[in-house]
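Peer 1: Got a structure for you, questions after.
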């Protein structure tokens, strides 16, 4: 399989969330309690999907659920889950629960991430390095493995991994975050190649680019955040990639800006 060079995604002019492109879809989103994950959850729900929201902050998840209910009356499923602290057995139990309650998923968005520290490699804290890889890489592997049977049970499904520009071209001082996003890109390519001729699951990576989130503020504390796009500006692209309208996208490294 040849992976195309990263290219910018442009939404079709006729794609609208309110037309219900995700009606009948069950979509699991990680890191859904705030920032980009929250915006993706709202966009998918507006497009008609039943959303399954995974994060460790229960109160924040409940606030997102309230926002979705106020938006169009849909009730999301809340999954309080600590990606960093969970054991392999916890992931297996989650898969069993999802299998029992839903039987299949049409979409999985692996969005949750941890920045870690910005530091020269020579000075990087090994414990922080391991924590970043647990959240950004190992949890993605475990969730993908857990959810593959559910995605395969659907007539067609989409798996999106959230990447970063520093995961496609390394940058000084970005340490574990950059290295972990390179791993995410590699995971996408391996999984996409494995599923290309054996499954109806589409697998792509998405680099959102600059966005007004808490993580961005941590990385660039002196930046004028008012000049950045809001997560809500980028979220419709994720709903599009999860929808049948994007059936031609597979094994793609996509940029939103």
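What follows is calculated from the coordinates using simple rules that are stated; it is not laboratory data. Treat the numbers as computed from the prediction; the structure is a model and nothing was measured. Every residue, glycine among them, receives a Cβ derived from its backbone with ideal geometry; neighbour counts consider all protein chains shown.
Peer 1: Answer yes or no as to whether residue 13 is under 18 Å from the mean Cα position of the chain (by Cα) and either assigned to a loop (DSSP other than H, G, I, E, B) or crowded, with 20+ Cβ neighbours inside 10 Å (or both).
Peer 2: no
Peer 1: Can you give me the number of residues within segment 83-121 that are closer than 21 Å to residue 25 by Cβ and either in contact with a helix residue (DSSP H, G or I) (Cβ under 7 Å, 6 or more places away or on another chain) or surrounded by fewer than 18 Cβ atoms within 10 Å (Cβ to Cβ) (or both)?
Peer 2: Count: 17.
Peer 1: What is the residue count in segment 161-220 for residues that are on the phi > 0 side of the Ramachandran plot and either surrounded by fewer than 21 Cβ atoms within 10 Å (Cβ to Cβ) or within 17 Å of the chain's Cα centre (by Cα) (or both)?
Peer 2: The total comes to 2.
Peer 1: Does residue 80 count as closer than 18 Å to residue 26 by Cα and either free of Cβ contacts under 8 Å to residues at least 40 places away in the same chain or more than 21 Å from the chain's Cα centre (by Cα) (or both)?
Peer 2: Yes: the conditions hold for residue 80.
Peer 1: What do you reckon, is residue 37 touching a residue at least 60 places away in the same chain (Cβ under 8 Å) and within 19 Å of residue 207 (Cα to Cα)?
Peer 2: Answer is yes for this residue.
Peer 1: Only one of these conditions is not met by residue 227: (1) within 26 Å of residue 48 (Cα to Cα); (2) more than 18 Å from the chain's Cα centre (by Cα). Which number is it?
Peer 2: Result: residue 227 fails condition (1) only.
Peer 1: Applying the selection to segment 16-32, what residues are crowded, with 24+ Cβ neighbours inside 10 Å and over 15 Å from residue 105 (Cβ atoms)?
Peer 2: 31, the sole residue that qualifies.
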